[in-house]
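Structure first, commentary second.
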């Protein structure tokens with residue numbers, strides 16, 4: 001019976017997310033603009049999902065869905081002519097967040113670490129009272 005309760009709860013949250021997504025798309029469609037049409041839904045209990053409406057291309061809008069539990073991001077485009085959402089991309093970022101340095105210019109994380117360590121050493125030297 002406990003399994004049915006959690007399934008019902010998950011279905012309710014899924015409904016909330018989908019309704020928020022639809023509301024965001026409709027608000028964009030009616031011309032409320034991106035700033036007032038943004039929607040965000042955060043679920044608690046380890047099932048964190050965030051839905052944000054925003055601009056996809058110069059002339060199109062859609063939704064960004066971030067599932068923190070499964071570490072996945074999905075991008076949906078709103079197609080006004082058909083009044084439907086189209087999945088444009090989906091990607092897990094579970095391995096991405098484990099990278100220290102990828103496709104980044106200077107300073108690298110190692111260089112920043114060195115600068116912070118140097119700063120801490122200099123601060124510690126200043127804090128040591130001078131002996132007479």
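Things to note:
- The one condition from (1) modelled with pLDDT of 85 or more; (2) surrounded by 15 or more Cβ atoms within 10 Å (Cβ to Cβ); (3) in contact with a helix residue (DSSP H, G or I) (Cβ under 7 Å, 6 or more places away or on another chain) that residue 43 does not meet is (1).
- Among (1) modelled with pLDDT of 65 or more; (2) within 19 Å of the chain's Cα centre (by Cα); (3) part of a loop (DSSP other than H, G, I, E, B), the one test that residue 82 misses: (2)
- Total residues in the stretch 94-109, condition more than 20 Å from residue 71 (Cα to Cα) and loosely packed, with under 10 Cβ neighbours inside 10 Å: 3
The values are calculated or read from the model by the stated rules, or taken from the named source; none is laboratory data. Keep in mind that what you see is a predicted model, and the values were worked out from it rather than measured. A quick note on method: Cβ atoms are made from the backbone with ideal geometry, for glycine too, and the neighbour counts reach across all protein chains shown.
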